[in-house]
1. Please compute the modelled spin-label separation between Lys291 and Ile171, points set 7 Å along Cα→Cβ, answer in nm with one decimal.
2. Using modelled amide H (1.01 Å from N, peptide plane; none on Pro or chain starts), what sits under 5 Å from the amide H of Thr188, excluding residues fewer than 5 places away?
3. Write out the chymotrypsin sites (Phe, Trp or Tyr not before Pro) in segment 170-218 meeting two conditions: DSSP loop, and at most 13 other Cβ atoms within 10 Å of their Cβ.
4. Might you tell me the accessible area per residue for the chain, computed with a 1.4 Å probe and given in Å²?
5. Given H placed 1.01 Å from N in the peptide plane, which residues other than close sequence neighbours of Thr81 have an amide H under 5 Å from its amide H?
6. Measure up Lys99/Lys244; Lys99/Lys222; Lys241/Lys484; Lys222/Lys291; Lys165/Lys484; Lys244/Lys291 against 28 Å on the Cα-Cα distance and list the ones that go over.
7. How much mean residue ellipticity at 222 nm does the chain get from its helices, if each DSSP H run of length 4 or more adds -39500 (n - 2.57) and you divide by all residues, to the nearest 500 deg cm²/dmol?
8. Go through segment 29-99 and name the chymotrypsin sites (Phe, Trp or Tyr not before Pro) that are in a DSSP coil and have 15 or fewer other Cβ atoms within 10 Å of their Cβ.
Amino acid sequence: METILHAASFLLDWHILLAALAGVTWGIMGGALPGISPSITMALLLPFTYTMDPTAAIVLLASTYVGAEYGGSVPAILIRTPGTNAAAATVIDGYEMNKQGKAGLALGISLYSGFIGSMFGLIMLIALSGPLALVALNFTPMAYFALGILGLSVIATLSGENLVKGFIAAILGLMIATVGSDPVTGGTRFTFGSSELLGGIEPVMIMVGLFAMSELLMQASKRGSDERVRSRPRIQFPDFKLAKRLIPSQMIGNGIGTFEGVMPGAGGTIASFMSYNEARRWSRHPEEFGKGSPEGIAAPETANNTVAGTALVPLLSFGIPGSNSTAILLGGFLIHGIVPGPMLFQRSGEVVHGLYAGLFTATIGMVIMGILMLPVCIWLVNRPRPYLNAFILALILSGIYSIHNETFDVGLMMAAGVLGFFMRMLRFPFLPTVLGLVLGYLVESNFRRSLVLSGDDYMIFVDDRISLSLLVLAFLFIGGSIAKRLYDTFVRKPETITES
């Protein structure tokens, strides 16, 4: 209680309030631009924090992180382009709702769920930073490998009607993840002599190509008039009945987001996909998922916004950045001579309490700026298709080019777009590819490190209790999904045919 009261006193400091509002506004803009990840958005602000007050500087960077995690859902819903890796799961039902003329409601659900996730993440950060960080420290390479396998187990659910095509798509993503330097030996793999591929292929380039560029190619291949359902240019928050329906999905997102956030290296992407999967598993309307389900937006958006708060737990308590974004925030701490770790709360308690107040202000500001900015976004999407496609293409190309200022990245993204075009034509799902791409390095690197530690003894994955628990959970998920498919194929469908 003393911590909360002390943090509340910072809400009267206009430096903190201004930094939080400026950070969340910039974060929403950065997250909404395809190719501009939260870490890049934060890094662009880092030079401006040198001369700032330490507390205001940290609040500015952390608020940018919060805003960017939410902002990624805006293009995911409006133009089928995930602004961040974590927003890829939002594309599934968000864009479907947009096509049905419900863009305002989809964005309202995203904003509402993001607010709940951010508030819950802040509460977890304040109340449970010590105990949860201790759990994170117990994670070994074996446990991280098992965590990646648990994430990949979602593929069985995301594969659509054809499980074989889903696994082929996932293997494609895992293959792309192996491009670059070997995580153990440092040798080069599948670079074909290109220095640009030594560092691997960043997921955002493939994701933008698969989702956005392929959509533009599909639009260009169609003839006829622009037959779209127009969306009203205003935000529509869920009514009481819908909000009540979303509660279970949001609780799932909060729980998984908390667990994944405190595990360094896990992050919002795994949390979003797992939350989507579990929300569909426990939903009373699983048939709506993939066709514009409100729960399919609420679960991943709640999860990745929860991660934005809980990811700070290992950073503040032990100085361990769990993602690129928290690494940028760590740099902000070090610039001002503040070392995160066990002594942070004693030596720089003012900064920590100011950060709590700033995150609270940023969460409120996220709703305000969302209400002000999103109607403009909806209005832009309702413009004639040729003009809109030209604008989207310019946005995509400029965003991808700005990552490294190299035309090679643009070519890589466009190649991924062509691949996505043919995957669409052949009805291969995108999401298993994205999941394999994102989790490929986590799985491979920790698998091989574990074998190095054990001398190639595979029993090390069973001997580690956390690893064994996660692997059993993964196999239960896979087994349950396959059993459900077999039941639907050989039991439910024949019964339906007989009745008809």
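The values are calculated or read from the model by the stated rules, or taken from the named source; none is laboratory data. Quick caveat, the model's predicted, so the values are computed rather than measured. When we count neighbours, we look across all protein chains shown, and the Cβ atoms used for this are built from the backbone with ideal geometry, even at glycine. For the accessible areas, the whole protein counts, side chains as well, though only heavy atoms, and no ligand, DNA or RNA atoms are used. Shrake-Rupley method; radii C 1.70, N 1.55, O 1.52, S 1.80 Å.
1. 3.1
2. Asp182
3. The qualifying sites are Phe190, Phe192.
4. On a per-residue basis, 44 Å².
5. Correct list: Ala76.
6. Lys241/Lys484
7. Dividing the helical sum by the residues of the chain leaves -23000 deg cm²/dmol.
8. Those that pass, being in a loop and sparsely packed, are Tyr50.
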